[in-house]
Amino acid sequence: MLLLPTLLWLGYKEVKSQLEPYQAILVLGGSVQREKFAIEFARNKPDLPIWVSGGSPKEYARNLFTQAGVDRSRLHLDYQAVDTVTNFTTLVGEFQKRGIKKIYLITSDYHMRRAETIGQIVLGSRGIDFTPISVPSKRSPEPYNKTIRDGGRALLWVLTGRTGSTLTKR
């Protein structure tokens, strides 16, 4: 009997998430292939703004998107992040401020496990849902220790507002 309210609440959240429209595309920088993939993906989503966190130098990225026919007003290039955790923590406030509740998350397939873990924690803590879109590569998935480490850092950010970004430096 006590389980029923929890199941109903989870069901409600799932249905609500399915009905919520996508409002943005987030591309985690680190590879020109991700940006090129995002351009192709964005062509089918012409009303969605595109956020690129990190990535190619600003002028190169702008030219890449512009030459592909992506309207510059859709493109938001952000260079605050120093790693995968800060890709999320530096933009989540902006998404929240703009009322963005659901995004597409684009990153390489080998990087997706870690990105999803961090996204669930950081974006999820602010009520933002996402759907992962993997960019194919020939690389093996990252080791689990990176996912565990950065998942812990994401939790640290939720609890303290600090990312522990110095933990990734040797």
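Things to note:
- For region 69-84, Karplus couplings with θ = phi - 60° (6.51, -1.76, 1.60), whole Hz, Gly/Pro x: x, 7, 4, 4, 5, 7, 8, 10, 9, 10, 10, 6, 5, 10, 6, 5
- Trypsin sites (Lys or Arg not before Pro) restricted to region 61-147 and DSSP loop, no more than 16 other C-beta within 10 Å: ARG98, LYS138, ARG139
- LEU19, LEU123, reordered so the largest accessible area comes first (probe 1.4 Å): LEU19, LEU123
- Taking only the Cα atoms of region 41-129, the radius of gyration and Dmax are 13.1, 36 Å.
- With contacts taken as Cα pairs under 8 Å and at least 6 residues apart, the chain reaches a relative contact order of 21 percent.
- Helix-only arithmetic for the chain: the sum of -39500 (n - 2.57) across DSSP H runs with n ≥ 4, divided by the residue total, places the mean residue ellipticity at 222 nm at -14000 deg cm²/dmol.
- Local net charge near TYR22, Cβ-Cβ under 10 Å (Lys/Arg +1, Asp/Glu -1): 0
- At least 18 Å along the helix axis (C-alpha) and Kyte average at least -0.5, DSSP helices within the chain: 3-19, 144-160
- Note on the chain: lysine pairs with Cα distance below 24 Å, sequence gap of 8 or more or different chains, count 18.
- Low-density loop cleavage sites - chymotrypsin sites (Phe, Trp or Tyr not before Pro) in region 78-170, where at most 16 other Cβ are within 10 Å (DSSP): TYR79
- In Å, descending, principal axis extents of the Cα set of region 50-94: 30, 18, 11
The values are calculated or read from the model by the stated rules, or taken from the named source; none is laboratory data. A quick note: this is a predicted structure, and the numbers were derived from the prediction, not measured. Positions of Cβ are generated from backbone atoms using ideal geometry, with glycine treated the same way; all protein chains shown enter the neighbour counts. These accessible areas exclude ligands, DNA and RNA; they are computed on the full protein's heavy atoms, side chains included. Shrake-Rupley method; radii C 1.70, N 1.55, O 1.52, S 1.80 Å.
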